[in-house]
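None of the figures in this text is laboratory data; all of them are computed from the coordinates on show. Only a predicted model underlies this, so the values are computations on that prediction, with no experimental measurement involved. Heads up, the Cβs are rebuilt from the backbone with ideal geometry, glycines too, and the neighbour counts pull from every protein chain shown.
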Ligand code: UDP
Ligand code: MG
């Protein structure tokens with residue numbers, strides 16, 4: 001590598017007081033090693049974004065910042081979720097560095113993959129995706145739901161990188177492009193591949209959370225998947241329209257059939273089929289209204305142009 005780059009590592013943290021001490025130490029060692037071998041500059045930073053934690057996360061970040069200028073902290077005024085916290089961090093630092101690597105606070109992402117990411121950056125890549133080589137440490141449930149999620153996203157026409165969460169390197173230029181996306185329902189894993197640029201992937205083994213517990217219970221996982229689909233794709237609407245068309249065609253065939261039955265003199269049976277079809281049509285209509293409502297909800301939020309996050313404090 002010829003020129004050392006100014007690297008910022010951005011880490012969203014929500015109630016991570018148990019994991020942070022270890023994570024901070026491991027990352028600091030890594031950064032120092034990279035400075036030592038001239039890969040990154042000495043004014044590189046580790047930026048923790050406190051996503052409105054209720055525990056001692058922020059006081060720990062502030063203390064680390066005081067003890068070592070390599071640590072920076074950004075504090076959001078309210079819990080806005082992983083994606084928004086990450087975005088807040090990346091957008092805040094994008095003019096101060098050459099590249100940003102985003103990762104989780106629990107060290108599940110192998111920090112040794114950073115070297116490979118930086119090598120790809122030196123090769124001219126603007127985006128380097130960290131991709132899990134295996135999921136041996138995840139529960140069968142997490143593995144299956146994750147696989148179903150990737151399949152579903154692809155089916156819905158969303159370009160998404162398999163087994164890639166939010167462990168990735170982005171150059172300042174790629175971040176600049178990302179900043180152009182002004183939408184409130186920002187689904188990073190779908191938007192980033194849309195940016196283009198030269199990209200690469202780096203494989204790593206995903207480990208266990210070092211401390212604390214997951215901040216992504218099933219409920220959050222489901223709403224994350226729904227967010228992803230409805231903010232990236234209009235296929236569900238198309239699906240409903242085609243279904244509506246199909247049902248309409250069937251009902252015409254049924255009309256012809258019942259007229260035929262009428263003229264051949266066999267009426268007054270068919271209570272069952274009538275009731276069943278009323279329910280079926282009613283259900284379908286409700287489903288369709290629900291899907292459309294989902295999108296209207298999105299439009300409603302977009303028109304408000306609410307800020308995605310508010311930074312309360314920035315320890316530079
Ligand atoms: N996180 C966040 N805000 C939230 C939930 C999670 O900033 O509302 C952070 C969390 O601190 C961690 C990362 O997002 O750094 C991933 O969360 P977690 O490790 O709990 O998810 P999992 O690995 O279990 O899917
Ligand atoms: Mg985790």
Quiz prompt | Inter-probe distance in nm under a simple model that places probes 7 Å from Cα toward Cβ, at residue 316 and residue 260 | solution = 7.9
Quiz prompt | Estimated FRET transfer efficiency when R0 is 45 angstrom, pair residue 292-residue 56 (beta carbons, to 0.05) | solution = 0.50
Quiz item: How many percent of DSSP beta bridges within the chain run antiparallel, rounded to 5?
Solution: 35
Quiz item: Residue separation times 0.36 nm, minus the C-alpha to C-alpha distance between residue 220 and residue 32: what's the value?
Solution: 64.1 nm
Quiz item: Taking only the alpha-carbon atoms of region 60-139, what semi-axes of the equivalent ellipsoid follow from 5 times the gyration tensor eigenvalues under a square root, in whole Å, largest first?
Solution: 23, 19, 14
Quiz item: Taking the Cα atoms only, what angle lies between the long axis of helix 235-263 and the longest principal axis of the chain, rounded to 10 degrees?
Solution: 10
Quiz item: Normalized C-alpha radius of gyration of region 18-60, against 2.2 N^0.38 Å?
Solution: 1.38
Quiz item: For the chain, what relative contact order do you get, as a whole percent, if you take Cα pairs closer than 8 Å and at least 6 residues apart?
Solution: 23
Practice problem: Would you order 57, 92, 41 from fewest to most other beta-carbon atoms within 10 Å of each residue's own beta-carbon? | Solution: 41, 92, 57
Practice problem: Over every pair of different alpha-carbon atoms in region 23-100, take the mean of 1/r and invert it; report that Kirkwood radius in Å. | Solution: 13.3
Self-check item: Per-residue Cβ neighbour rank within 10 angstrom, fewest leading, 296, 127
Solution: 296, 127
Practice problem: Grab the eigenvalues of the alpha-carbon gyration tensor for region 170-316, scale each by 5, take roots, and send me the semi-axes largest first in whole angstrom. | Solution: 50, 19, 17
Quiz item: How much length, in nm to one decimal, is gained on full extension between residue 154 and residue 182, taken as 0.36 nm per residue of separation minus their Cα-Cα distance?
Solution: 7.7 nm
Quiz prompt | Nearest-ten-degree value, helix 218-232 long axis tilted from longest Cα axis of the chain | solution = 80
Quiz item: To the nearest 10 degrees, how steep is helix 57-67 against the longest Cα principal axis of the chain, on a 0 to 90 scale?
Solution: 20
Practice problem: Mind giving me the FRET efficiency for residue 305 and residue 235? R0 is 22 Å, r the Cβ-Cβ distance, nearest 0.05 is fine. | Solution: 0.30
Exercise. Calculate how large, on average over all directions, the projected area of the Cα convex hull of the chain is; give the answer in nm² to one decimal.
Key: 19.9
Self-check item: Proxy reagent accessibility, fewest Cβ within 10 Å first, across 289, 11
Solution: 289, 11
Quiz item: Label-point separation (nm) for residue 251 and residue 278, each offset 7 Å from Cα along Cα-to-Cβ?
Solution: 1.5
